[in-house]
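**Q** Have a look at the structure that comes next, please.
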Amino acid sequence: MKKQIISRAFYGWLAYCRHLTTVRTHLSGLVNTVIIDSSNAETGLTKEKWHSFKNDSNLVNDDTKSEIFRLTYFGGVQHDIRKEVWPFLLGHYKFGSTIEERNAVDLHCKQEYETTMSEWMAVEAIIRQKDRETMAANLAKLSSESTSGGDAPPPTPNTSKVLSQELSNDVFEDNINFSSDEDNPPVVDDTQLEQNIEVCDNPTNQPNINEHIDNIPKEIDCDKVSEKISQISQVYYDQLQLFLNT
């Protein structure tokens, strides 16, 4: 028992030393060797200190930058000036930039955001159009098989599963169930099963699938898509501005 305790203690100490060696070798660059004094930083960056660092609406040299980071790290930022300070802390604005330069940065970011949103909305419209075309082709295939009577072979569970996946629009669905049908067999009602068999035996009782095909749009209205993209882009930009102002 004594030897086992000593052995466990030794191997624990050895694993600890190996861990320190790994940290010292690969993560030494993450350690800040400069000791930062935390004195007079308990209150953080207040409105008075923030305005004292500004010179004609500009934040000056790197010493001011380091002091702002030090006060923010040890004491945080006063709530009233967060929307003005955090764009500098996050690198959105450069220290020492003028009001005109900051406005130019905002305008550039807004244009890039609207361009990206327009591109993705166009891609989404193309994908949805392709999904509608695929669904129309599958419905037409089902319609032709139903009118042919008993020539078509009876569907198997695998073909039914593949067909249901083809008819579903899985591009923009967030939750997809990957569970196996064999693990969770569906509960089938005998009455419903008899009704389904009766419908399959009498093709005249089946619903007209061509009516659903006619309701599927064939073309995309580019003007409506462009108008919708502009509206969504403006809404997202307003939300971004609201987030920065809170």
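All of the numbers you see were taken from the coordinates with simple rules; none came from a lab. These figures come from a predicted structure and were not determined experimentally. Ideal geometry is used to build each Cβ from the backbone, glycine not excepted, and the neighbour counts take in all protein chains shown.
**Q** Would you pull out the residues with amide H under 5 Å of VAL77's amide H, same chain only if 5 or more places away, H placed 1.01 Å from N?
**A** LEU45
**Q** Another question, then. With Cβ to Cβ distances under 11 Å as the rule, what net charge do the other residues near LEU89 carry (K, R +1; D, E -1)? Could the numbers behind the result be given before it?
**A** Working: positive: LYS65, ARG82; negative: GLU84.
Result for the local shell: +1.
**Q** Hey, another quick one. If the limit is 22 Å between Cα atoms, which of LYS65/LYS110; LYS47/LYS110; LYS130/LYS228; LYS54/LYS110 go over it? Mind dumping the intermediate values first?
**A** Details: LYS65/LYS110 26 Å; LYS47/LYS110 28 Å; LYS130/LYS228 19 Å; LYS54/LYS110 26 Å.
Exceeds cut-off: LYS65/LYS110; LYS47/LYS110; LYS54/LYS110.
**Q** Follow-up question, since we're still on this one. Of LEU45, THR22, ALA122, which is farthest on the positive side of the dipole of the range 1-142, counting Cα position, with +1 on Lys and Arg Cβ, -1 on Asp and Glu Cβ, and the Cα centre as origin?
**A** Looking along the dipole axis, the top candidate is THR22.
**Q** Here's another thing I want to ask about it. With only Lys, Arg, Asp and Glu charged, each at its Cβ (+1 for the first two, -1 for the last two), find how big the charge dipole of the range 1-132 is about the Cα centre; round to the nearest 20 debye. Don't jump to the answer; show the numbers that get you there.
**A** Details: 18 positive and 17 negative charges, 257 e Å.
Rounded to the nearest 20 debye, it is 1240 debye.
**Q** Kindly rank 86-98, 10-22 from highest to lowest mean number of other beta carbons found within 10 Å of each residue. Display every interim value, and only then the final one.
**A** Working: 86-98: 14.1, 10-22: 10.0.
Listed from highest to lowest mean packing, they are 86-98, 10-22.
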